[in-house]
Each structure stands twice: as structure tokens, then as C-alpha cells.
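Enquirer: Got a structure here, written out as C-alpha cells. Questions coming.
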């Protein structure tokens, strides 16, 4: 069965017009490839003076055994900073603040590093959403659509956007999460698990990091109170708006189930096998 094609601004591998370069040869005459990876944000949200400001793509060096050490570091895994260290290690421009990059831009770099380091073929076990049968599937990472930033920030060079809630008619200003935000959310979640907390408050937690103001009110305690008591229809509308417009790589693809023989759309898992493909 031919797989359905997903629509998108472009696929991840489409880098027409982007020149590729190589770093200097080492003593063994081996070239470590350097690739230009497109940034879904287009650099619009980074302040003037930042090396990311206005940049549509940035250079990364292909992964080496040194980066595999980073991926297996128990200390970095425990701290939740593996991805930050991995990206930082491979960036050509060391002045880039990796932690404060948008999560979508960081994900694009992760996919770019995976494709450059191990190839575009990604084989993993995944559950069929229709019959729950688990099977091994292979996806082409180079064909994943890149979702570019298509809404204007409150001001150029700032990660800040405006949205009017449909029910309360309040205007909220929000920001897209960064790598630093994601790390803090993960650490907080792990601490709660260790302390015996079994509930889930992921929706409000992420909104607390995203929403900056409500009708011009920026007091954190007041904004927090509004978020926790926001009508469900407003919360859903805001989260849908943010999800639709957040720049990044669309990690959804299609699978053919060998059990029910149906084709379904699935989200590609970013587990250990993402950076540790099976040896061929």
C-alpha cells in the first residue's frame, strides 16, 4: 500500500540553495561533514545581537564517538541535559545559547544530527493506534515536514505572541517553550514522582511556562491563578493555537499495520533507538 503524503511547508531534506561545507581534514585525511540545518523559526524570535537572530539555518558538525559518550552519560541523563550538551557539542558557532533556543529549533537540529550521523532511515517498534499490535516500522526522517513559524511575534526579535481567548475574551501573551523550559519541566516532574505525587498537571504546568500576561497583567501569582481557573474551552483553544503555529519538525508519519492491515498516522517515538539504530 502506498503511504499517504503529509502536507507541510517543506520536507526536512529540502535545503535547496543551502551550501554545504566541510571542516578541515585531520591527520588521517578524513572529512567530518558539516551541514546547514534549517531553523523552523527562521531566527525571528531571537534578539538582535544573538548569533541566531534572523538566521534561517545554522551549521552543525556530524556526530562522532565523542557525542556517543554524551548520549550515554549517566550524569547528563540524570540532569536531563543530554540533548543540550549533544547540540552544543556539534554546533560550529559556540556562541549560540542552546538552552534558550526554541524547542522546535532544537528538535530540528536533533533530526538533522540523526540524519547526518546515522542516515535518514529510522527503525523502531510502534503500536498500531487501531488494534494495539506492536510491530517494527521504518520511517524516512528526511521526509518529515518542517513547520515554519507563520505568525508574527509582538515585536521582531522577541519570543512573544498574542491571542484572544474565545470565551472570556481576555488577551493573553504567550511564548513558545525553550530547551531550558523543557528541562525544568522534566526535572520538576521527576521530583514529584520521587515524592509520591501520582497526579498529572502537565497542561497547567506547560501553560504556566508559556503564558506571560493576561490582559496586560504580568504578576506571576495572578497569571497562575487565571491559568488554573481558565475555562476549559479557552484552555483548549489556546493550546490548539499554540500547537498549530509552533515552529518545528512534524514528527508524525504513516504506518502500515501487519496485523489489522490498516494504515494509520502515528507520532514517531524519540526513545533510545532514535540515536542508537540497529547495526546492519
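Bear in mind that the values in this text are calculations on the coordinates, not laboratory data. Keep in mind the model is a prediction, meaning the values are calculated, not measured. Cβ sites come from the backbone with ideal geometry, for glycine too, and all protein chains shown count toward neighbours.
Enquirer: Tell me the label-point distance for the pair residue 68, residue 186, using the 7 Å Cα-to-Cβ offset, in nm and rounded to one decimal.
Expert: In this crude spin-label approximation the distance works out to 2.1 nm.
Enquirer: Next question. Quick check on region 66-206: take the gyration tensor over C-alpha atoms, sort the square-rooted eigenvalues as a ≥ b ≥ c, and tell me if it's rounded (a/c under 1.5), prolate or oblate. Walk me through the intermediate numbers first.
Expert: Numbers: a/c = 1.34, a/b = 1.24, b/c = 1.09.
Taking the square roots of the gyration eigenvalues as a ≥ b ≥ c, region 66-206 is rounded.
Enquirer: I need the Kirkwood Rh of region 161-245: take the reciprocal of the average 1/r across all distinct C-alpha pairs and report it in angstrom. The partial results should precede the final answer.
Expert: Numbers: mean 1/r = 0.0735 Å⁻¹.
Roughly 13.6 Å, rounded to one decimal.
Enquirer: So, one more: Run the simple label-point estimate for residue 228 and residue 123 please: 7 Å along Cα→C-beta, distance reported in nm.
Expert: Spacing of the two 7 Å Cα→Cβ label points: 5.0 nm.
Enquirer: Take the chain, connect every pair of alpha-carbon atoms lying under 10 Å apart with a spring to form a Gaussian network, then pick out the residue of 119, 43, 248 with the largest mean-square fluctuation.
Expert: Its mean-square fluctuation being the largest, the pick is 119.
Enquirer: Moving to a separate point now. Between residue 267 and residue 94, what's the calculated FRET efficiency when r is the beta-carbon distance and R0 is 35 Å? Round to 0.05. Provide the component values of the computation, followed by the final result.
Expert: On the way: r = 33 Å, r/R0 = 0.93.
The value I calculate is 0.60.
Enquirer: Here is a follow-up. Identify which of 163, 139, 30 has the largest mean-square fluctuation in a Gaussian network model of the chain, with springs joining Cα atoms closer than 10 Å.
Expert: 30
Enquirer: Here's something else I'd like to know. Could you tell me the center-to-center distance, by alpha carbons, between region 213-274 and region 56-80 in angstrom?
Expert: Here the answer is 26 Å between Cα centres.
Enquirer: Relative contact order for the chain using alpha-carbon pairs under 8 Å, separation at least 6, rounded to a whole percent?
Expert: It rounds to 22 percent for the chain.
Enquirer: Further question on the same structure: Provide the descending list of Cα extents for region 110-179 along its principal axes, expressed in whole angstroms.
Expert: That gives 47, 34, 20 Å along the principal axes, largest extent first.
Enquirer: Now for a separate question. Mean-square fluctuation check for the chain, GNM, Cα pairs under 10 Å: which of 135, 210, 89 is largest?
Expert: Maximum among the listed residues: 135.
Enquirer: Run the numbers on region 18-154 and let me know its relative contact order in percent, using alpha-carbon pairs under 8 Å that are six or more apart. Kindly include the intermediate steps, with their values, before the conclusion.
Expert: On the way: 172 pairs, mean separation 28.0, N = 137.
Averaging sequence separation for qualifying contacts and normalising by length gives 20 percent for region 18-154.
Enquirer: Please work out the FRET efficiency for the pair residue 171 and residue 204, using the Cβ-Cβ distance as r and a Förster radius of 35 Å; give the result to the nearest 0.05.
Expert: Values: r = 20 Å, r/R0 = 0.56.
Rounded to the nearest 0.05, the efficiency is 0.95.
Enquirer: How high is the relative contact order of region 161-245, given as a whole-number percent (alpha carbon pairs under 8 Å, six or more residues apart)?
Expert: Numbers: 70 pairs, mean separation 32.3, N = 85.
Relative CO of region 161-245 lands at 38 percent.
Enquirer: Could I ask something else about it? For Cα extents along the principal axes in Å, the choices are [x] 59, 40, 36; [y] 62, 53, 42; [z] 53, 37, 36; which was calculated from the structure?
Expert: Recomputing Cα extents along the principal axes in Å here gives the entry labelled [y].
Enquirer: Order of 101, 251, 242 from fewest to most other C-beta atoms within 10 Å?
Expert: Numbers: 101 25, 251 16, 242 20.
Least to most surrounded, the residues fall as 251, 242, 101.
Enquirer: A further question follows. Where does the chain land at 222 nm, in deg cm²/dmol rounded to the nearest 500, when only DSSP H runs of n ≥ 4 count, each adding -39500 (n - 2.57), divided by all residues?
Expert: Numbers: 8 runs with 86 residues, N = 280.
One gets -9000 deg cm²/dmol as the mean residue ellipticity at 222 nm.
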